[in-house]
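Undergrad: Next up is a structure, given as structure tokens.
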Amino acid sequence: MKKLIVLAAITALGTGAAQAAERTAKFNVDKMYCEACPLTVTKAMRGVQGVKSAKVDYETKTAVVVFDDSAATIDSIAAASTNAGYPARPATN
């Protein structure tokens with residue numbers, strides 16, 4: 001009986017982990033006019049639940065975000081930046 005319960009618990013844990021995936025997305029970010037702007041964008045994007053990291057580059061006006069796709073979406077990350085005053089959209093390249 002103990003073996004059955006342990007096996008069921010391990011199976012349940014494995015199923016949940018298989019559904020969540022770490023993803024990386026690149027965004028184009030508009031309205032960054034100074035070198036301090038990326039600080040605000042970074043804070044906004046990192047504030048989204050599930051975002052693990054956000055690296056914003058002022059020179060290229062882009063952000064690269066690593067996130068858990070079971071907790072965050074590309075749209076929610078872009079919306080966070082947009083709501084902070086820096087419209088973001090997924091990069092096509």
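Undergrad: Would you pull out the residues with amide H under 5 Å of Ala72's amide H, same chain only if 5 or more places away, H placed 1.01 Å from N?
TA: HN-HN under 5 Å from Ala72: empty list.
Undergrad: Find out how many positive minus negative residues lie around Ala80, taking Lys and Arg as positive, Asp and Glu as negative, among other residues whose Cβ is under 12 Å from that of Ala80.
TA: +1
We did not get these values from a lab; they are worked out from the coordinates using the rules stated. Because the structure is predicted, anything quoted here is derived from the model rather than measured. Note: ideal-geometry Cβ built from the backbone for every residue, glycine included; neighbour counts use all protein chains shown.
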